[in-house]
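The values are calculated or read from the model by the stated rules, or taken from the named source; none is laboratory data. Being a predicted model, the structure only gives us computed values, none of them experimental. Ligands, DNA and RNA are excluded from the accessible area calculation, which covers all protein heavy atoms including side chains. Shrake-Rupley method; radii C 1.70, N 1.55, O 1.52, S 1.80 Å.
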Amino acid sequence: MRVIDLTGTAQSVDQDYHNQSLIWIEQANEPVLALGRVYPAGFKVALHSHRRTQLWFARRGIVLVSTDDRRWMIPPGHALIIPAGAEHSADMISAVEMRSIYVNVASDEAGRPRVVEVTPLAQNLIEELVEEEDRPVRENRLTMVTDLLLDEFRQLPERPLGLPFPNDQRLARLCRQFLKIPSATVSIDDWARDMGIGRRSFTRLFRAQTGISFVMWRQQACLFASLPRLADGEAITNVALDAGYENIAAFSTMFRRMLGRSPSTYLKTRTS
């Protein structure tokens with residue numbers, strides 16, 4: 001196993017340095033690679049892929065990862081599982097402290113890209129692998145830690161933080177506009193009217209293009225927009241009202257349905 005320790009100052013990570021590390025990752029022969037890095041806010045990672053499956057864990061900060069047809073938000077305490085060969089790019093919504101584990105996993109076992117909530121056990125195992133550089137190498141220990149981490153990842157709860165994007169250009173335009181100014185009050189009729197089609201035709205088109213209903217997509221998009229603002233310390237009331245919710249209770253109900261806990265509880269566990 002090889003560890004790359006790049007957890008220095010955020011300013012030390014530039015595009016050239018990042019590109020060089022990507023080349024190194026692809027050329028390395030070790031079956032498992034562990035990487036730690038701090039990215040500055042606004043840092044962009046161009047479209048690329050890996051020959052290994054990547055476990056991208058956001059220890060601090062929020063990352064937006066894009067594939068050809070989906071956007072994936074990785075908030076603190078979550079990880080995106082990226083199968084080998086899947087092309088993706090990334091935008092750092094805030095300063096990000098990231099941990100990545102690259103492993104050789106069969107594509108059918110890795111499955112599709114998905115965001116999972118990382119358990120305390122998985123977090124400790126990830127840190128164990130990243131910090132191994134400063135300790136005597138014990139291959140049997142590394143093997144046990146890696147095997148346990150892979151087993152744990154198969155059981156991590158998936159969270160609905162992947163936002164499908166349509167290929168239809170008219171629909172994609174409305175989706176991009178919505179992400180800039182999300183609102184829980186935007187209706188199917190509003191979008192159907194904008195596209196000049198009937199409500200039923202719009203509903204069929206939206207589900208065919210995204211695989212989910214418009215209401216579910218709207219909820220996920222509102223959650224996408226709220227997480228960076230909440231992580232920056234904005235008041236829950238302001239975020240809820242700006243998203244078009246009448247009160248905190250309605251926003252909290254949506255938040256709890258999507259992430260399994262209230263906004264205040266979620267933030268407390270992610271900042272402690």
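Carbon-plus-sulfur accessible fraction, segment 117-272 (probe radius 1.4 Å, protein heavy atoms only): 51%.
Please build a GNM for the chain, connecting alpha carbons under 10 Å apart, and tell me which residue among Glu139, Glu234, Glu158 fluctuates the most. Result for the chain, Cα springs under 10 Å: Glu139 fluctuates most.
Taking Cα atoms only, the orientation of helix 15-27 departs from the longest principal axis of the chain by about 60 degrees.
Separation of segment 52-121 from segment 155-203 is 23 Å, based on Cα centroids. With respect to the chain, whose longest principal axis is taken over its alpha-carbon atoms, helix 214-231 is tilted by about 60°.
Sequentially through segment 48-61, phi angles give Karplus couplings (6.51, -1.76, 1.60; θ = phi - 60°) of 7, 9, 10, 7, 10, 6, 10, 9, 9, 9, 8, 6, 9, x Hz, Gly and Pro residues having no value and appearing as x. The ratio of the alpha-carbon radius of gyration of the chain to the globular-protein estimate 2.2 N^0.38 Å is 1.06. Taking amide H atoms as placed 1.01 Å from N in the peptide plane, the amide H of Val105 lies under 5 Å from those of Thr53, each 5 or more residues away in sequence or on another chain. Excluding ligands, DNA and RNA, the accessible surface per residue across the chain is 48 Å² with a 1.4 Å probe.
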